[in-house]
């Protein structure tokens, strides 16, 4: 369109009469791909129409990006000029899809013939017009079918009896035969090829556990190692997590190292923040000597895999003063007029221990290549999941280049965006390639907030590219809600995270031990934060939620309804402190209804209202709701039923809805 | 994007950090222009952001299409990364607009400095960093300003006192000076140039009157001529119309000519349908001999102009068997196997007197050029407004080429799309270039229907390209509502059309004479339709609405609120038969509130509720509503007021709302 003036319409062939518009899904006009996992469907809709009332044929085209040939799927009309088709993405990597459509002369002719016959009009000339269409089609058909078409034409020409000719002309076999050889010379191709990035299962369904390896030592005061971390694996695996996320494991700088509780001057024993990367012992491709060796790390990766967990590491693209890059590539940093390097800051806040990289350097290409090389280095160590630290402080185009470049050869790699920033920035990072994204979940506590936010995430257009990963806490985020609500708040936020989000995660052991002391009133920082010191957690504390977490994660694994997000629906409850929602598998065979008491202090009861027909439940028959948390079973009938939850016992129900099945012997049971 | 694979991100300069997305208005990703009239504003919004928290500068760019240089308008932030700018289109033709944005180093530095100063941090090095930015800017500035910048830098370097340096660094004059010479080397240009088609006033505000010239004869039974039509002009002008639309004025075919009431065989006296174009006397560039000569037509055009009316003619691209094209260009028609030409049909309906053109002919280029030549021919005769007959039965791309081709040299030309068909087809025709479009107004009668439809038209995205023209009747459409509702129905539908739509039209004299006899029950065709015979209308019938129409059109001319559509808002009334809505001028100085009784049979009363603060009215002071139809004035206060309308007297109020103004002498009057 650009470059030419409005008056100059460049018409290739003015006889291509079909128009294709309003194609969905399409992210920013096709600028970005949609996301799916292997085995999922891509349902494509479009407005497709021509002038007049002619019949159309519309094909959805798709292919793996590296395949030259399109596969074709006939699209079906939905009414109001809307058409739909779908395909399943069966392999990792990138797919393309597009649409082609044309005026179907034979169908147009046939539908006119039917109406004229119904109106008792003379159709002898119309039959001949149809014969011409058949004769024109026959050269497009291979030998046998071509001959068949010729035979149809001959029979139509030779038949004398008008009604027999009509019957012959409208024969279904003829429709099917000729439909295989359409005249597509004047077809319209949609002007864009749209993209799908296909990830593996874990992109859609994962349970993350963040742990600081240096706090895993068995003896107090010792610096934990990868070996200690291995010893911790059974504990974590027993809770049912499948991603083990480690904060940065690299050498930590000494210059401007932070002390406990983030004080500016570290004492000699202070270990510093793992995000202050780089010392004389190395940078982003090295491991902290206190944790062990690169070999120890690889061993941990293997051991974790044996227990059903993948290790994810942090991509924190920043350096300390002591990072080798400072000497090797001074041009990669911001230099101040006084000859010092600019540390990170968000005025008035200062992060003196951390130097951001200067992405506006003239050597940006070298910098980019080196950062990509860091990712490739850890790929070689067996890592397939990366959590990007503060990605919103690096240029968008850099991430797009990095992620797409890595995934081109390694489509199994997952990237989690740790951007807690403005909504459009977070969405842009997801569009450009991040597999999963942190969300505002931690700060969405009321029924209204939760309903609004998850409706936007799962039923808005963002769902095509933004895969939420819900964290009730992180080392940076101890919310006011958790600070105030005590153990019941931890329980209910866990259930919300694990059932609202097919992807969720916790920062442990702080979470399961209900650690909720803030650094100070009004702060979301932990008191004695693990970011600045080695912690010794007492995993045996009686208030630990490990058993509840284990149960919730088991429920997630056993119920496909909880393994994806788009089926989420909220249901009315006549108490603002109770929230009710459901998720179901595509065929409705697995149906989960969750009720949570959002008030961590008081017992609440209320009437919930379920959309029975939407859920495939017979309003005239009882159904069983089986609370997978308490194992209690209730017999319900009709849409409205009463629930009551005491947060000090357990603030949630996770009901599996079981339909009644009548056996031959008239013995009822629930499936 | 297409052509490359997902992994290959082609990065021009990785240091361009700004992203521009979500640009509005933008029709189909910029594929089509938006529409404006001369003097209107184009308000452009976009999501613009970079990584981190740096300050941005954003410019809206625009230019007339044939100008090489962009004009630049600074955009303002609205919050949530949304930016807005606007420009006024001052000339007919096509404009382009786009956006450019960059990270503003000086503003970023300045906002950091402010925060650090507020936090009492030492900023001596920061000041020096600012000096470097100023020194870098100075070579971009011309002599004097460059020297000024250098002077600022010197003063900042030389100042000793910290607080004086800060004061100097934050000086407003410095901000204004340096802002004029930004470093745009790493700016991001929005990847599209978007288009605006700018029409003249009449595209937005027009009152059409459709009349058959052949029915304008003064003596019964005579074929009316252009001269007779001239005699009719004062009558039409007195009603206040400004577009005089004539159905086709060309020779009418004899073969298969239709008789009265559309019977298949015409008698020797039957005149046939004006849409059956072409005889041995000529085709689309000829005038019907019974109407007069081409010179007579030009004379009519001139005379109409003298009385404030423009003549619009019909573009009915179809032929009879007798059209010269049939012999000259047999390839432009669909030939049937029996050697006849395919007539128009929409099975089971047949239009034996009309041959559609075959737009799939291999000679489509010749056909297109000839059809464009028809338009140019009538341009030469002084016509500047065309009503396209059934445009949805010709290819979209043809219209796009035709309209844009004509408007390139004649941007003052208006095209009205007479497409009564599926919504997406109607919208596509508007997108591709039609200036105005017929609508479903004729069939939207209830409050719900009207509210829904006009909310879609004026507050949905279609308003950027679809300019509705509301017709309560046409020669093809005598609605059930008018058939059943008698004179009150005609009155209320007139008021609705003329106040809901800045563009509206009637087919007269059938409309003002309240002609409402259908051909048969269930039909929307007129009995003894003027399409197939010459009518003798008695313009002096006492029930004529001509005086009401004159008054309504005068109200439209005197009230800017009614001369555009986007300000339309509906207001609650506690009676489903009463509809209430308002329109206002941009500055609210002209405010019209319309109340219509939609029931043509019974008197209805109810309480309307006006949004006083939105309307700029003081809820604590009375205001006057002046019914411009009856000239009655009412004093109202507060949002809720009572109205009652007897449809047999007049079924509508058109209130001008007058605010109370207090004079110096404490004498109140209403403005």
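Rounded to the nearest 500, the helix-only mean residue ellipticity at 222 nm of the protein assembly as shown stands at -8500 deg cm²/dmol, with each DSSP H run of n ≥ 4 adding -39,500 (n - 2.57). Axis between A and B by rotation; chain A residue with nearest Cβ and distance in whole Å recorded as A:29, 2. Fewest neighbouring Cβ atoms within 10 Å first, the residues B:506, B:313 line up as B:313, B:506.
Every pair of different Cα atoms in the range A:195-261 enters the Kirkwood calculation, which places the hydrodynamic radius at 14.5 Å.
Here the spin labels are modelled as points 7 Å beyond Cα on the Cα-Cβ line, and at residue B:140 and residue B:476 they lie 5.8 nm apart. Inter-copy label distances at residue A:423, shortest first and taken from points set 7 Å along Cα to Cβ: 2.5 nm.
Could I get the Rg over Rh figure for the range A:293-332? Both from C-alpha atoms, Rh via Kirkwood, rounded to two places. With Rg and the Kirkwood Rh in hand, the quotient comes to 1.22.
Using only the C-alpha atoms, the convex hull of the range A:353-399 corresponds to 98 Å³ per residue. Counting from the shortest, the label point at residue A:408, 7 Å from Cα toward Cβ, is 4.0 nm from the same position in each remaining copy. Normalising by residue count, the range A:379-478 has a Cα convex hull of 109 Å³ per residue.
Could you calculate, for the range B:300-418, the ratio of the Cα radius of gyration to the Kirkwood radius, expressed as Rg to Rh?
Result: Rg/Rh = 1.01.
Between copies, residue B:43 shows label-point distances of 3.6 nm, shortest first, with the point placed 7 angstrom from Cα along Cα to C-beta. Between the range A:415-485 and the range B:236-269, what is the separation of their alpha carbon centroids in Å? Each part's Cα centre sits 65 Å from the other's.
Here the ratio of the Cα radius of gyration of the range B:466-597 to 2.2 N^0.38 Å is 1.14. Per the Debye calculation on the range B:200-325 with a single equal scatterer at every Cα and no solvent contribution, log₁₀ I(q)/I(0) for q = 0.09 Å⁻¹ amounts to -0.27. Over all directions, the average projected area of the alpha-carbon convex hull for the range B:108-196 comes to how many nm²? Its average projected convex-hull area is 7.9 nm².
Shown for B:426, B:615: other C-beta atoms within 10 Å of each C-beta, ranked fewest to most, produce the order B:615, B:426. As a proxy for reagent exposure, A:393, B:320 were ordered by neighbouring Cβ count within 10 angstrom, fewest first; the result is A:393, B:320. Given the range B:1-109 reduced to its alpha-carbon atoms as identical point scatterers, what log10 I(q)/I(0) does the Debye formula return at q = 0.16, 0.21 Å⁻¹? Scattering profile of the range B:1-109, log10 relative to I(0): -0.85, -1.19. What the Cα convex hull of the range A:582-656 gives, in volume per residue, is 82 Å³. Computed from label points 7 Å out along Cα-Cβ, the spacing between residue A:180 and residue B:369 is 4.4 nm.
Here the protein assembly as shown is treated as a Stokes sphere of Kirkwood radius computed over C-alpha pairs; at 37 °C and 0.692 mPa s its diffusion coefficient rounds to 89 µm²/s.
Of the Cα atoms belonging to the range B:139-236, the radius of gyration and Dmax stand at 34.8, 103 Å. Counting Cα-Cα pairs of the range A:520-582 in 5 Å increments starting at 0 gives whole-percent bin shares of 3, 12, 10, 12, 16, 15, 15, 13, 4, 0.
Over chain A, the reciprocal of the mean inverse Cα-Cα separation, the Kirkwood hydrodynamic radius, stands at 28.9 Å. If you average the C-alpha positions of the range A:349-406 and of the range A:41-110 separately, how far apart do those two centres end up, in angstrom? Spelled out, the Cα-based centre of one part sits 39 Å from the other.
Values quoted throughout were computed directly from the atomic coordinates according to the rules given, and no laboratory measurement underlies them. Remember, predicted model here, so these are calculated numbers, not experimental data. Cβ: placed from backbone, ideal geometry, glycine included. Neighbour counts: every protein chain shown.
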